[in-house]
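Just below is one structure, and these are the notes that go with it.
The values are calculated or read from the model by the stated rules, or taken from the named source; none is laboratory data. Quick caveat: nothing in here was measured; it's all calculated off a predicted structure. Positions of Cβ are generated from backbone atoms using ideal geometry, with glycine treated the same way; all protein chains shown enter the neighbour counts.
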Amino acid sequence: MKKIEKANAGFLFDMDGLLINSETIAHHVFQDLCSLNGGNFTNEIHSEILGTESEYWSLYVVQECKLSLSSEEFQKEFQIQFEKRLRSEIALMPGALELINWVEEKRYKKCLVTSSGLDMTLKNLGSLDLLNVFNHRVTAEISPKGKPEPDPYLMGASFLDCAPSDCIVFEDSSSGTISGKRANCTVIAVPTVFANRSGFSDADYILDSLEEVIPVLEGLGL
């Protein structure tokens with residue numbers, strides 16, 4: 001395990017499924033839309049699209065579920081139904097607020113690194129009073145390549161003016177975990193219930209909940 005320089009440590013957070021319960025909400029919307037269009041959305045399919053951008057997951061779901069509509073039509077309808085449910089069901093994941101407060105109290109720099117677009121990201125953060133929490137945000141529009149490529153986390157580290165080797169990535173997906181490791185960051189994975197845990201072998205730590213993270217960070221001397 002490489003040593004993280006405490007004075008220049010940076011914290012890079014995924015959003016969907018890690019900080020907020022959006023993956024659970026998305027799963028129900030995927031199931032409903034696929035059922036309406038002649039398909040069956042499974043946990044295995046969800047596992048394959050975790051942490052990916054909309055162009056990828058919309059085409060993947062349409063093809064795997066053999067749906068009777070185009071990927072563009074599916075993506076548009078998904079966004080409508082997803083945003084509608086988010087407004088009434090969005091919530092922080094257990095331990096998320098405590099972790100954010102801990103990072104704030106320690107005065108560490110932090111960046112949100114998400115595969116979601118800026119508009120959706122701002123809506124989610126705003127609804128949970130988190131708009132001013134992160135020093136920077138990396139969203140789908142500004143990263144040249146998405147996860148599992150290292151670009152999003154390299155950009156996040158650059159925004160914080162931190163060496164990637166001094167950054168800790170928090171992820172719930174295997175694609176995000178691979179992205180963080182390719183960027184030479186320390187990765188703490190908290191796999192979502194829809195993820196295949198075999199895809200997290202590269203993570204430095206695999207935990208069951210964000211509630212377990214703070215003792216790990218303290219054990220690293222942070």
For the structure I just gave you, tell me whether SER35 is of a type in the set (Gly, Ala, Ser), under 20 Å from the mean Cα position of the chain (by Cα) and either modelled with pLDDT of 90 or more or under 20 Å from GLY176 (Cβ atoms) (or both). no
If I filter the stretch 41-48 for residues that are farther than 21 Å from ARG197 by Cα, over 16 Å from the mean Cα position of the chain (by Cα) and either among the hydroxyl-bearing types (Ser, Thr, Tyr) or at pLDDT 95 or above (or both), do I get at least one hit? no
So ASN132, is it assigned by TED's automatic domain parsing to the domain that holds VAL169, touching a residue at least 60 places away in the same chain (Cβ under 8 Å) and either surrounded by fewer than 17 Cβ atoms within 10 Å (Cβ to Cβ) or under 30 Å from GLY10 (Cβ atoms) (or both): no
Would you check if there is a residue in the stretch 73-89 being surrounded by fewer than 21 Cβ atoms within 10 Å (Cβ to Cβ) and in a loop (DSSP other than H, G, I, E, B)? no
SER179 - would you say it is surrounded by 24 or more Cβ atoms within 10 Å (Cβ to Cβ), assigned by TED's automatic domain parsing to the domain that holds MET15, touching a strand residue (DSSP E or B) at 6+ places or on another chain (Cβ under 9 Å) and part of a helix (DSSP H, G or I)? yes
Of these, ALA26, ALA7, which one is of a type in the set (A, V, I, L, M), without any contact (Cβ under 8 Å) to a residue 12 or more places away in the chain and part of a helix (DSSP H, G or I)? ALA7
List the pairs whose first member sits in the stretch 92-108 and is touching a residue at least 24 places away in the same chain (Cβ under 8 Å) and among the charged types (D, E, K, R), whose second member is surrounded by 14 or more Cβ atoms within 10 Å (Cβ to Cβ) and not in a helix (DSSP H, G or I), and whose Cβ atoms are under 9 Å apart, counting only residues at least 6 apart or on separate chains? GLU104/LYS110; GLU104/VAL133; LYS106/ALA9; LYS106/LEU222
All-but-one check, GLU141 against (1) assigned to a loop (DSSP other than H, G, I, E, B); (2) touching a Cys at 6+ places or on another chain (Cβ under 9 Å), failing number (2)
